[in-house]
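K.L.:
Take this structure, written in structure tokens, and hold onto it; I'll ask about it next.
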Amino acid sequence: MKETDQIDEYILSHTDKEGEYLNALYRATNLKLLRPRMASGHLQGRILKMFVEMIHPRQVLEIGTYSGYSALCMAEGLGEGAMIHTFEINDEQEDFTRSWFEHSDYADKITFYIGDVLELLPKMDIVFDMAFIDGNKRNYMEYYELVLPRLRKGGFIFADNTLWDGHVLETPKDNDLQTIGMEKFNDSVAADERVEKVILPLRDGMTIIRKK
């Protein structure tokens, strides 16, 4: 076993368990869905829950629902009357994910939308306290500019996959729009004086952004 694998095992063994329902969802994600690595998983899920408990948001935005694992983790940490608005563009995902939401203990804390957040969110009048961006990497800048004006002062954005398997260190090919989009996002956020920011080397990288 590699040392990094041993470290990963050590970290998880000293972190709160994810619970039987989330564990079952993660197993189902790996068995039934394409690209199961997209699910947040145990460690990131516990971190998201703790961030929610620290921030105490009333309105949370998630871009990129996938199997619903991260939304359920954040819902665990929500207070009474708080809500997660989670958007998934892939309509083939709806039946699987909606069922896991509806049978969870947090169904009343999650509003699930199928469609393009870039089209749907401008029609909604909601100010968010926290956002989790985990959608199409080529659109990260569009998501960012959509979310920031709708985020309260002092609110937080968490952007996933910002190290992009290390490809952010490379010069991308012209047709590698995912890497190009991620590098543009990282460079733009780093230079944006409207926010404070830090990249955590968690899994594939997570950027924490606080609106000034």
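The values are calculated or read from the model by the stated rules, or taken from the named source; none is laboratory data. The model shown is predicted, which means the values in this text are computed figures rather than measured ones. Counting neighbours? That spans all protein chains shown, and the Cβs are built from the backbone with ideal geometry, glycine included.
K.L.:
Cβ-Cβ distance below 7 Å, separation of 6 or more or different chains: which pairs start in the stretch 194-212 with a residue that is more than 19 Å from Ser40 (Cβ to Cβ) and of a type in the set (A, V, I, L, M, F, W, C) and end on one that is modelled with pLDDT of 95 or more and in a loop (DSSP other than H, G, I, E, B)?
P.N.:
Pairs that qualify, where the first residue is more than 19 Å from Ser40 (Cβ to Cβ) and of a type in the set (A, V, I, L, M, F, W, C) and the partner is modelled with pLDDT of 95 or more and in a loop (DSSP other than H, G, I, E, B), are Val195/Lys212.
K.L.:
Which of the residues belonging to the stretch 1-46 are surrounded by 12 or more Cβ atoms within 10 Å (Cβ to Cβ), among the hydroxyl-bearing types (Ser, Thr, Tyr) and out of contact with any Gly (no Cβ under 8 Å at 6 or more places or on another chain)?
P.N.:
Result: Thr15, Tyr21, Thr29, Ser40.
K.L.:
Hey, any hits in the stretch 68-78 for a residue that's surrounded by fewer than 17 Cβ atoms within 10 Å (Cβ to Cβ) and either over 22 Å from Leu43 (Cα atoms) or not polar (S, T, N, Q) (or both)?
P.N.:
no
K.L.:
Restrict the check to the stretch 101-117 and report whether at least one residue is surrounded by fewer than 18 Cβ atoms within 10 Å (Cβ to Cβ), assigned to a helix (DSSP H, G or I) and in contact (Cβ under 8 Å) with a residue 24 or more places away in the chain.
P.N.:
no
K.L.:
Further question: From the residues in the stretch 108-146 that are in contact with a Phe, Trp or Tyr (Cβ under 7 Å, 6 or more places away or on another chain) and β-branched (Val, Ile, Thr), which one is nearest to Leu78 (Cα to Cα)?
P.N.:
Ile110
K.L.:
Among (1) of a type in the set (Asp, Glu); (2) part of a helix (DSSP H, G or I); (3) more than 17 Å from the chain's Cα centre (by Cα), there is one condition Asp165 misses while meeting the rest; what is its number?
P.N.:
Condition not satisfied by Asp165: (3).
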